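J.: If you scroll down you'll find the structure; I have some questions about it.
The values are calculated or read from the model by the stated rules, or taken from the named source; none is laboratory data. All values reported here derive from a predicted model rather than from experimental measurement. Methodologically, a virtual Cβ is constructed for each residue, glycine included, from the backbone with ideal geometry; neighbour enumeration extends over all protein chains shown.
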Amino acid sequence: MNRRKIIVLGALSVALVSAWLFRERMGLGWNMARQRLAKRTVNDRLEEFGAAARQRWAPLFKAGGISYPPKRVVLVALKDQRVFEVYAGDGARVSFIRRYPILAASGGLGPKLREGDNQVPEGIYEIESLNPNSAYHVSLRLNYPNAFDRAQAAKDGRTKLGGDIMIHGKSVSVGCIALGDEAAEDVFTLVADVGIGNVKVICSPVDFRKQAGPPRDFQPSPGTFEWTMALWQEISSQLPGSPAP
């Protein structure tokens, strides 16, 4: 009887310990899931990484003789070079601050024409909003399609232009601009500090400061050549002065 009791008590102990461990694991998993599902604000993310991002910006702005935060920012995405440049200034002129590699951006040269074409848009855009809960760490939403995109699509008879074009973290993208997490934190913090109304984004097929006209091998979609050339002229006129080498 004593041996039987010992076996039964042992089995009960194992069952109780297993149940406790299961409950703890489930509780930990639920807490992690709840944290992932919790909606964070822009201020939450700035509290998380804003100080570190500002420390990275500080020597760059000091070297440029520009106060932080500046009064205005121009972000330039050069599609063919996969380069993302940051310019800032306290007045009408802006100065080069730094560049980041674009880690992923699908499509080729030429503007975005429709949903699902995987193209990164080309044009002059604004930041529409900051997303602190992006699946790609954090993101900045462009106002694509802008007034030009919509007007030209109406002339061409195009519909379903697509949307949700972001500058974001991670290193994968379809139609957006992926900078990696740390760079996305830097840009997110800078734009939050400056204010989205003081930021301009230029998405250019090439660096028109270094080459005139379209690439020789560019093949525009039928019926888009003339207005694409006009758009590229406008982009060229808006690019900031020559960046640092």
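J.: Within region 74-96, identify whether any single residue is in contact (Cβ under 8 Å) with a residue 12 or more places away in the chain, among the hydrophobic types (A, V, I, L, M, F, W, C), in a loop (DSSP other than H, G, I, E, B) and in contact with a Cys (Cβ under 7 Å, 6 or more places away or on another chain), and answer yes or no.
T.: No - not one qualifying residue is present in region 74-96.
J.: Anything in region 65-82 that is surrounded by fewer than 16 Cβ atoms within 10 Å (Cβ to Cβ) and either within 17 Å of L140 (Cα to Cα) or among the charged types (D, E, K, R) (or both)? List them, or say none.
T.: K71, D80, R82
J.: Next question, about the same structure. Taking G116 as the residue in question, decide whether it is buried (at least 16 other Cβ atoms within 10 Å of the Cβ) and assigned to a loop (DSSP other than H, G, I, E, B). Steps first, answer last, please.
T.: Numbers: buried (at least 16 other Cβ atoms within 10 Å of the Cβ): no; assigned to a loop (DSSP other than H, G, I, E, B): yes.
No; evaluated as a whole, the condition is false for this residue.
J.: Any chance you could count how many residues in region 108-139 are under 18 Å from G180 (Cβ atoms) and in contact with a helix residue (DSSP H, G or I) (Cβ under 6 Å, 6 or more places away or on another chain)?
T.: 4
J.: When you scan region 158-170, do you find a residue that is among the acidic types (D, E) and either surrounded by 15 or more Cβ atoms within 10 Å (Cβ to Cβ) or touching a residue at least 60 places away in the same chain (Cβ under 8 Å) (or both), even just one? Don't jump to the end; show me each part of the working.
T.: Initially, region 158-170 is screened for residues among the acidic types (D, E), giving 164.
Of the ones still in play, those that are also either surrounded by 15 or more Cβ atoms within 10 Å (Cβ to Cβ) or touching a residue at least 60 places away in the same chain (Cβ under 8 Å) (or both) are none.
No.
J.: Would you confirm whether or not region 8-28 contains a residue that is modelled with pLDDT under 50, assigned to a helix (DSSP H, G or I) and loosely packed, with under 10 Cβ neighbours inside 10 Å?
T.: For region 8-28, residues modelled with pLDDT under 50, assigned to a helix (DSSP H, G or I) and loosely packed, with under 10 Cβ neighbours inside 10 Å: absent.
J.: Right, here's the next one. Within the group E122, E47, which residue is in the same structural domain as A230 (by TED's automatic domain parsing), among the acidic types (D, E), surrounded by 18 or more Cβ atoms within 10 Å (Cβ to Cβ) and modelled with pLDDT of 95 or more?
T.: Values: E47 fails: surrounded by 18 or more Cβ atoms within 10 Å (Cβ to Cβ).
Of E122, E47, the one residue that is in the same structural domain as A230 (by TED's automatic domain parsing), among the acidic types (D, E), surrounded by 18 or more Cβ atoms within 10 Å (Cβ to Cβ) and modelled with pLDDT of 95 or more is E122.
J.: How about region 92-104: which of its residues are within 18 Å of P205 (Cβ to Cβ) and crowded, with 21+ Cβ neighbours inside 10 Å?
T.: To start, the set of residues in region 92-104 that are within 18 Å of P205 (Cβ to Cβ) comprises 99, 101-102, 104.
Within region 92-104, just I102 meets the criteria.
J.: Residues of region 37-47 being out of contact with any Pro (no Cβ under 9 Å at 6 or more places or on another chain) and assigned to a helix (DSSP H, G or I), which ones?
T.: To start, the set of residues in region 37-47 that are out of contact with any Pro (no Cβ under 9 Å at 6 or more places or on another chain) comprises 37-38, 47.
The answer is L37, E47.
J.: While we're on this one: Please list, ordered by residue number, the helices (runs of 4 or more DSSP H) wholly in region 136-245 having 1 or more residues that are touching a His at 6+ places or on another chain (Cβ under 9 Å).
T.: Details: elements: 147-156, 181-194, 225-238.
Of the helices (runs of 4 or more DSSP H) lying wholly inside region 136-245, those with at least 1 residues that are touching a His at 6+ places or on another chain (Cβ under 9 Å) span 181-194.
J.: Do we have any residue at all in region 87-96 that's in the same structural domain as S171 (by TED's automatic domain parsing), within 11 Å of I177 (Cα to Cα) and of a type in the set (K, R)? Steps first, answer last, please.
T.: Taking region 87-96 first, the residues in the same structural domain as S171 (by TED's automatic domain parsing) are 87-96.
Add one more test, that the residue is within 11 Å of I177 (Cα to Cα), and what stays is none.
Looking through region 87-96, none of the residues is in the same structural domain as S171 (by TED's automatic domain parsing), within 11 Å of I177 (Cα to Cα) and of a type in the set (K, R).
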